[in-house]
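Participant: Here you go, one structure.
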Amino acid sequence: MPDSGLCWRWRPRRSAQPLRAGIGNSRAFYDGPIILSGSIAKGEQILAAQAMGADLAYMGTRFIATHEANADPAYKQMLVDTSADDIVYSNLFTGVHGNYLKPSIVNAGMDPNDLPEGDKSSMKFGSGGSSKSKAWRDIWGFGALAKVWAALAR
């Protein structure tokens, strides 16, 4: 087993190249495990990741919206209520581009359609402006889910 892996993070609204080509091209210089993450919430998406050449798929948001997760109930519900149209891709909040939920940005008192660019050199992981809201605590990441599930079948 190799002691390293290569992780591809797919960002649906920012992909400059087809994901399949990116994973395939990686095999030209890397023969270890390739992990695909980003917008994976169902079994068929894991199967698609494998079909594209990934060895593993990583689901994160899918488990935030479980009864067992210690996440804010409003965040769990927002994950269910939003769709891909509610994604805001911004580097304002941390200095690094990420997908955030438009309603959480509005709730923090900002206009999601008029966000300034963040400063990558500062990397404060704070509000990205005069707001007291913080990334991940108040300004939430994106997921596409149909309902809040239990992590384990009972």
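Participant: What aspartates and glutamates could a cross-link reach from residue 120, if we take a straight Cα to Cα line under 13 Å and drop same-chain neighbours fewer than 8 places away?
Facilitator: none
Participant: May I ask you to rank 117, 68 by accessible area, largest first, using a 1.4 Å probe over the protein chains only?
Facilitator: Most to least solvent-accessible, the answer reads 117, 68.
Participant: Still on this structure, I have one more. With every protein chain left in place, what is the accessible area of residue 111 in Å² (1.4 Å probe, nearest 10)?
Facilitator: The accessible area comes out at roughly 80 Å².
Participant: Full-extension gain between residue 114 and residue 67, please, as 0.36 nm times their residue separation minus the C-alpha to C-alpha distance.
Facilitator: Value of the extension gain: 13.5 nm.
The values are calculated or read from the model by the stated rules, or taken from the named source; none is laboratory data. The structure presented is a predicted model; accordingly, all values stated were derived computationally and were not measured. Just so you know, the surface numbers come from the protein's heavy atoms only, side chains and all, with ligands and any DNA or RNA stripped out. Shrake-Rupley method; radii C 1.70, N 1.55, O 1.52, S 1.80 Å.
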